[in-house]
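> My questions all concern the structure below.
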Amino acid sequence: MNLNTNNMKKMLLILAMAVCSYANAQKGSVLVMGSVSYNSQKNSNSNFDNKQNVFAIQPKIGYQFHESWTAGIEGNFINIKQNSFEGSQYKDRVYEFGGFVRYLKPLSTIFSAYADLGVGYHNQKETNTNTMGQYYDDSDGFYARITPAIFIDISKGFGLNFNIGGLQYTSLNNDTASGTSFKTKAFAFNFGQSFSVGLSKNF
């Protein structure tokens with residue numbers, strides 16, 4: 001796997017400096033939020049038996065240096081495991097770490113709309129094992145995404161966050177089991193096609 005460590009270190013250093021400069025600009029509150037999800041599905045009939053497990057955790061912590069602006073760090077971990085009746089097994093693991101900036105606009109005393117701009121490091125490994133052997137695709141690079149959402153203030157800064165997708169760009173270097181390497185660049189627009197709920201608290 002070819003890791004561009006110099007670029008990654010520079011990017012994380014810039015993000016860390018940005019967060020520190022924001023934190024020193026004005027005193028405010030600390031934002032802690034995240035979501036955890038688990039999904040298990042099993043499909044069976046006379047000729048087919050397939051089971052899939054998906055686990056995901058997405059933590060964030062930031063500093064609200066202005067009533068409308070927050071900056072911080074974010075992570076994302078997704079693990080997918082799928083087994084079939086033929087004995088084949090598919091695994092997909094995604095790991096992301098980066099920084100984000102949030103702009104928030106109050107709509108009422110309870111509801112607020114916000115958008116997160118996140119940039120960071122992305123690593124993904126797909127492994128497929130069957131009777132013919134094991135095949136994998138190992139990739140790393142960076143991501144940039146915009147995620148709009150709605151915040152509902154339940155009590156004293158504690159609330160729920162709802163989003164229905166957004167826009168994401170990824171640039172990855174891929175290595176395969178056969179020894180070949182290639183690059184992929186992709187835009188993903190899934191606004192209105194996905195849904196997630198998270199919890200957050202301002203201290």
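> Give the residues of the range 78-93 that are open to solvent by less than 70 Å² (accessible area, probe 1.4 Å) and touching a strand residue (DSSP E or B) at 6+ places or on another chain (Cβ under 6 Å), sorted by residue number.
Residues satisfying the conditions are Ile78, Asn79, Ile80, Gln82, Asn83, Ser84, Ser88, Gln89, Tyr90, Asp92.
> Looking at (1) touching a residue at least 40 places away in the same chain (Cβ under 8 Å); (2) β-branched (Val, Ile, Thr); (3) open to solvent by 50 Å² or more (accessible area, probe 1.4 Å), which one does Thr180 not meet, given that it meets all the others?
(1)
> Residue under question is Asp153, and the condition is that it be open to solvent by less than 60 Å² (accessible area, probe 1.4 Å), farther than 22 Å from Phe77 by Cα and modelled with pLDDT of 85 or more; does it hold?
Working: open to solvent by less than 60 Å² (accessible area, probe 1.4 Å): yes; farther than 22 Å from Phe77 by Cα: yes; modelled with pLDDT of 85 or more: yes.
Yes.
> Conditions: (1) of a type outside the set (A, V, I, L, M); (2) within 24 Å of Ser37 (Cβ to Cβ); (3) surrounded by fewer than 16 Cβ atoms within 10 Å (Cβ to Cβ). Tyr143 meets all but one. Number of the miss?
Among (1) of a type outside the set (A, V, I, L, M); (2) within 24 Å of Ser37 (Cβ to Cβ); (3) surrounded by fewer than 16 Cβ atoms within 10 Å (Cβ to Cβ), Tyr143 violates only (3).
> Just checking, which of Gly159, Gly120, Gly166 is within 25 Å of Lys91 (Cβ to Cβ) and open to solvent by less than 60 Å² (accessible area, probe 1.4 Å)?
On the way: Gly159 fails: within 25 Å of Lys91 (Cβ to Cβ); Gly166 fails: within 25 Å of Lys91 (Cβ to Cβ).
The match here is Gly120.
> Look at the range 146-159 and say how many of its residues are touching a residue at least 40 places away in the same chain (Cβ under 8 Å) and not acidic (Asp, Glu).
Counting residues in the range 146-159 that are touching a residue at least 40 places away in the same chain (Cβ under 8 Å) and not acidic (Asp, Glu) gives 6.
> For the range 111-135, which residues satisfy the criterion of being modelled with pLDDT of 90 or more and of a type in the set (A, V, I, L, M)?
Ala113, Ala115, Leu117, Val119
> Now for a separate question. For the range 45-77, which residues satisfy the criterion of being in contact (Cβ under 8 Å) with a residue 24 or more places away in the chain, polar (S, T, N, Q) and either part of a strand (DSSP E or B) or open to solvent by 50 Å² or more (accessible area, probe 1.4 Å) (or both)?
Once the filter is applied, which keeps residues that are in contact (Cβ under 8 Å) with a residue 24 or more places away in the chain, polar (S, T, N, Q) and either part of a strand (DSSP E or B) or open to solvent by 50 Å² or more (accessible area, probe 1.4 Å) (or both), the range 45-77 yields Asn50, Gln52, Asn53, Gln58, Gln64, Thr70.
> Among the residues of the range 18-34, is any open to solvent by 50 Å² or more (accessible area, probe 1.4 Å), within 30 Å of Phe182 (Cα to Cα) and either modelled with pLDDT of 55 or more or out of contact with any strand residue (DSSP E or B) (no Cβ under 8 Å at 6 or more places or on another chain) (or both)?
For the range 18-34, residues open to solvent by 50 Å² or more (accessible area, probe 1.4 Å), within 30 Å of Phe182 (Cα to Cα) and either modelled with pLDDT of 55 or more or out of contact with any strand residue (DSSP E or B) (no Cβ under 8 Å at 6 or more places or on another chain) (or both): absent.
The values are calculated or read from the model by the stated rules, or taken from the named source; none is laboratory data. Everything numeric in this text was worked out from a predicted model, so none of it was measured. Glycine also receives a Cβ, built like all others from the backbone with ideal geometry; neighbour counts cover every protein chain displayed. Heads up: the accessible areas ignore ligands, DNA and RNA and are worked out on the full protein's heavy atoms, side chains in. Shrake-Rupley method; radii C 1.70, N 1.55, O 1.52, S 1.80 Å.
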